[in-house]
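Below: one structure, written as structure tokens.
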Amino acid sequence: MNLPLRLALRDLRGGLQGLRLLAICLFLGVAALAGVGSLSTAIVSGLAERGQSILGGDIQLSVAQREATAEERAAFAREGRLSHITRMRAMAARLDGAESILVELKGVDEAWPLYGDFRLQPGALRPRPSGAEVAIGSELADRLSVRVGDKIRIGAAELQIIGLIAEEPDRVGQGFTFGSTALTDRAGLAATGLVQPGSLYTSAHRLKLAASANVEAVSKRLAFTFKNAGYQVQDRSNGAPGTRRFIERLAQFLTLIGLTSLVVAGIGVGNGVASWLDSKRSTIATLKLLGASSRTIFLVYLIEIGIVAAAAILAGLAVGGLTPWIVTLVAGGALPVPPRLALYPAPLLVSAGYGILIAVAFAILPLARARSVPAATLFRGSLEPLRRPSLAALAAAAMAAALIAALAVATAREPGFAAGFIGSVLGLLLVLTLLGMLIRWTASKLPRPRNPVLRLALSNLHRPGAQTARLVLALGLGLTLFTTLAVIETNLSGQIRTTIPAKAPSFFMLDIPVEEVERFRALATGAAPQGELVTIPSLRGSVVAIKGQRVADMEELPEGAWFLRGDRGLTYARTVPQGSRIVAGKWWPSDYAGAPLVSLDVEAARAAGLKVGDLMTISILGRDIDATIASLREINWDTMGFNFVIVFAPGTLESAPHSFMATISMPEAQERPFGRAVSRAFPTVSAIRVKDVVETVSGMLGQLSVAVRAAASVAILAGIAVLVGAIAASRRARVYDSVILKLLGATRSRILLGQALEFAALAILVSAVAFALGAASGWYVVVKVLELEWAPDWSVIAATLAAGALVTLVLGLLGSLPALAARPARALRTL
């Protein structure tokens, strides 16, 4: 190894020309993978590190629509220090009634917070509210145009604002909310009169255990003891499960996008190495004539590639490892929780492994060709075709590709999805390879045009040494990935705009008391006589068992069975709800009065493995109800009405404490007056404007689009690098063709026009294939993975594809300029 190492180091003294493409491609791919892995790990670690403050305790037991009994509270208190928090939606209004805003009302006791710090902004009257006082978020103060010392009305109470919230330790653990926080103590919450039988609220009981306590054991014991009481039990290891699942799933998606970008870059690695070795023909020939063996030559260039690849991978790892710091500095406020800033070896090692395997998979074949070519063949230039790689080289490349796939599947959160993704990429590579062969074969069989420029363009596609197959592979991968990402991003950005129906309701009205529902209907009908009012009974409960198996005893919930997590909205109905269609079973008679029956959403049933006739146990207000599935419904969620996954038959829930919900539509000009009228007449009713919902969800999808754009930017850079590499790999052949054509009398403009037609034909053909493949891939990700509605913006997608094709044409022509500038005499002496 001493001689090959010395020769490699001497050769590298002449610079990295020819290996820059290898370095750029590996750097981009590794940096993207390491960055996504490091950032997601940092956020998940931040969630785990702050699990106690995010959850608000070591253990939380939450239940809907009821408080804990005295016996239950006593049992909780025996385990540790207890804190009681009640959360619900409410309307906060100015005393003059000029404005009312939906808020997340939180009533806390003196023990809150058990962990973390609650702070108000400077200028607060007191550290925390007491009695008829409230602390609110700054955005709520801005929207109501109130300040510290003013009073606002929440429910039946007038509460004085004693400060603006600066830090609320358990905010992230609450999950998705529509409104800003309004925080009171237990006395202030009672004064609002909002906690009534049937009103929608969540009662959370949090425990701070002794330092020596086994949190997992206590959590399991409490879950078993109160398994029939409807409690959802969480511990500090997973204080914000929804946020954690979202981060992990998004990280997996972006990791696979990054891996695809790295595969795209791998094509560039292969092209770059082939082009670089092509420029080393004279050096290789000289070494062989001086007695160097094929093994020595192979090791020399393997060492050079290894040194450059290692430097590129290390640089990519450095950028990826620093990504949590960079993102926190630039956009820390957009993250759900501050990341735990540290270097995480696991994602860095995985990314390094990907980089090494990609370099081996795509560089080994050009290296093997250089080793197997005799010196005499090298001196003949490119007139004699290169031999096929040896079986050993093909086996090494195949082994590296198999290890890449195995690593992707082994490190994925959902191995099945990752395996399908890898299979799709391999299928895409095969399709594009066959397409390149088909284009070359077809071009060779077409009749020769009389126009010399057209004849030149056609011959460029199939002449000896033509790079058609490589260009199709490079262009196809890049353009397909661009199209897929464009489809995903336009679906995210256009999701709300295109799926809201033309007659969407103006308001969702919650917590309408049963005894007040007729008065509410009269007020709503008078305020919007031409509007459509729909009222429906509402209460909450949780599915505690399916087909006789307790949900709490399941090691892992079935994928997609989200309705088994926590409590869900329930209702009862005599007729099929609007926007639903029965697909299995039968709906009950309108006068049904028998054993409990339910109708279930068909997608939820499919995810949980349920069918008509199966038994579900649902806990409502601490009482378990065994209900038989009578029918399965297909729900049209786009109606933006009240769509319940579980609907009970009449006769089961009417006597339980509950309230009503309502939707109402009206002209936008009447919305604010209507909201003020409802706030004055029904202080306990919460009014959610659909416009506010749209803005909130649009903001969330906008943040997701930013992440997709980041992945797209890496893919675009990698695709450009691949295209440049493909052009560079054919530089020697293009210089030779250009010189011969010049000697035969061709002008530069004719040669350039011929090459422009060549690249234009390739761009059009490959763009059509990329459009079909990208649209299909994007549909699968949007509909099957992200579970969103299919709403792409085809104009943006077409523009993205056209821009990619145009970049292809421009880069192709720019790459051809050096060949056109070659001087015939000099070129003929060196070729």
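Using the average count of surrounding beta-carbon atoms within 10 Å as a protection proxy, the listed peptides 561-567, 144-150, 358-364 rank, highest first, as 358-364, 561-567, 144-150. Remark: region 522-659 carries 46 Å² of accessible area per residue (probe radius 1.4 Å; ligands, DNA and RNA excluded). Under 19 Å of direct C-alpha separation, and excluding same-chain neighbours fewer than eight residues apart, LYS208 reaches these lysines: LYS220.
Spatial offset of region 598-639 relative to region 431-464 amounts to 60 Å, using the alpha carbon center of each. In terms of accessible area, using a 1.4 Å probe and ignoring ligands and nucleic acids, TRP790, TRP276, TRP587, TRP441 rank largest first as TRP441, TRP790, TRP587, TRP276.
Spin-label pair THR433-LEU329: with each label point 7 Å from Cα along the Cα-Cβ axis, the two points sit 4.3 nm from one another. Here the accessible area of region 546-596 is 48 percent carbon and sulfur, with a 1.4 angstrom probe and all protein chains present. Taking all protein chains as they are arranged and a probe of 1.4 Å, the heavy atoms of VAL300 leave approximately 10 Å² accessible to solvent. Modelled spin-label separation between MET399 and GLN160, with each label point placed 7 Å from Cα along the Cα-to-Cβ direction: 7.9 nm.
Take the alpha carbon gyration tensor of region 39-115, find the square roots of its eigenvalues, order them as a ≥ b ≥ c, and report rounded if a/c is under 1.5; if not, report prolate when a/b exceeds b/c, else oblate. Oblate, since a/c reaches 1.5 and b/c is not below a/b.
Cross-link partners for LYS288 among the lysines, with Cα-Cα distance under 24 Å and sequence neighbours closer than 8 places in the same chain left out: LYS280. Would you mind getting me the FRET efficiency between ARG119 and LEU426? Use the beta-carbon distance for r and R0 = 45 Å, nearest 0.05. My answer for the efficiency is 0.25. For the set MET437, MET88, MET554, solvent exposure ranked by accessible area (probe 1.4 Å, protein chains only) runs largest to smallest as MET437, MET554, MET88.
Subtracting the Cα-Cα distance of ALA593 and LEU341 from 0.36 nm times their residue separation leaves 84.7 nm of extension gain. Computed from label points 7 Å out along Cα-Cβ, the spacing between ALA74 and ALA802 is 7.6 nm. Packing-based ranking of 224-230, 201-207, 747-753, 615-621 yields 201-207, 615-621, 224-230, 747-753, ordered from highest to lowest mean Cβ neighbour count within 10 Å. Listed by chain and number, the aspartates and glutamates placed with their C-alpha closer than 18 angstrom to that of LYS227 are GLU67, GLU71, GLU72, GLU79, GLU216, ASP235, ASP553, GLU555, GLU556, ASP567, ASP624, ASP626; residues fewer than eight positions away on the same chain are left out.
The values are calculated or read from the model by the stated rules, or taken from the named source; none is laboratory data. Since this is a predicted model, take the numbers as computed values, not measurements. A quick note on method: Cβ atoms are made from the backbone with ideal geometry, for glycine too, and the neighbour counts reach across all protein chains shown. Ligands, DNA and RNA are excluded from the accessible area calculation, which covers all protein heavy atoms including side chains. Shrake-Rupley method; radii C 1.70, N 1.55, O 1.52, S 1.80 Å.
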